[in-house]
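Nothing in this text is a laboratory measurement; each read-out follows from the coordinates by a stated rule. The structure displayed is predicted, hence computed values, not measured ones. Here Cβ is always computed from backbone atoms with ideal geometry, including for glycine, and neighbour counts include all displayed protein chains.
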Amino acid sequence: MTVFNKYARYYDLLYKDKDYAGEAVYVHDLIQQNSPDASSILNIGCGSGRHDREFVKLGYQVTGVDFSDEMLATARRENVHGKNLEYYQGDFRTLRLGRKFDAVISLFHVVGYQVSNADINAAFTTAYSHLNPGGIFVFDFWYGPAVLTNLPSIRVKEMEDEFYKITRIAQPKLHVNRNVVDVHFQIFSNNLTDGTHSEFTENHSVRYFFLPEISLLCEQNKFKLISQNEWLSQREPDVSSWYVNVVCGALP
């Protein structure tokens, strides 16, 4: 996997409008509904750590893991919570910290980056291996019925701060027989400090899922599917729900 390299430098700027605090509260509520005594979280695919810092504020001991050294460098630099928040580099498929947590979470469609059946089963095995008895696995993903109803399209996003003005063009290619969308990102960066310009590309492959798939993955990996909702709402997913989250409970 070679994504989030140069892209990581501009990641927080591109998503500075994302409501990390609100999303953390939403996930906190899911955790409390299903495991009210939970106090420790393993966040796989933590990125630059913005969710993690919100979870610490909500009272959790948080461990973040990401594949990208560049993203982790930002997360560690911004960590002001000391021993309540720590980071490790690792691959979702092979991570083994030798520790257990009350909740494993994976947000912002990180599960979808596990595009093969072997990859996604390995990710579920990783989640299970890090959970205390009765622990829960919470993650979100692109929801297949919505992806195929509201097809991916070219999108342009522009963001600016005091240092950079960024334009990102996302060009998707749908592979209907693989349940995968390849997204070609083209990023144009204007450095507002010295007037220089740069351009680069990254390719991200993201798998979308259907609920029967998720249920089968749970059965195959010692989980039970507890709930499924449209992301950030309590609505039952439908063809307008591009983003869906589920809660899976670890079985003995």
Per the charge dipole of region 147-207 (beta-carbon charges, Lys/Arg positive, Asp/Glu negative, Cα centre), the residue among Y164, S198, P152 reaching farthest to the positive end is P152
Partner aspartates and glutamates whose C-alpha sits under 13 Å from that of K83, ignoring same-chain residues fewer than 8 away, are D52
Note, region 9-14: 3J(HN,Hα) by Karplus (6.51, -1.76, 1.60, θ = phi - 60°), whole Hz, Gly/Pro = x, goes 4, 10, 4, 5, 5, 4
Once the dipole of region 83-212 is set up from charges on Cβ (+1 Lys and Arg, -1 Asp and Glu), the residue from the list Q186, N121, Q89 lying farthest towards its positive end is N121
Expected vector for region 234-250, Karplus 3J(HN,Hα) from phi with 6.51, -1.76, 1.60 and θ = phi - 60°, integer Hz, x for Gly and Pro, equals 9, 6, 5, x, 9, 6, 9, 9, 5, 10, 10, 10, 10, 10, 10, x, 6
From DSSP H assignment alone, runs of 4+ in the chain each adding -39500 (n - 2.57), the sum over residues rounded to the nearest 500 puts [θ] at 222 nm at -8500 deg cm²/dmol
Ranked from fewest to most other Cβ atoms within 10 Å of their own Cβ, H81, H204 fall in the order H81, H204
The residues F139, F185, sorted from fewest to most surrounding Cβ atoms within 10 Å, come out as F185, F139
About its Cα centre, region 32-143 carries a charge dipole, from +1 on Lys and Arg Cβ atoms and -1 on Asp and Glu Cβ atoms, whose size in debye to the nearest 20 is 240 debye
The residues S189, S153, S227, sorted from fewest to most surrounding Cβ atoms within 10 Å, come out as S153, S227, S189
Honestly region 147-207 on the Cα gyration tensor test (a ≥ b ≥ c root eigenvalues; a/c under 1.5 rounded, otherwise a/b vs b/c for prolate or oblate) is just prolate
The lysines whose Cα lies under 26 Å from the Cα of K224, excluding any fewer than 8 residues away in the same chain, are K100
Once normalised by the length of region 147-207, the mean sequence separation of its alpha carbon contacts under 8 Å that are 6 or more apart gives a contact order in percent of 27 percent
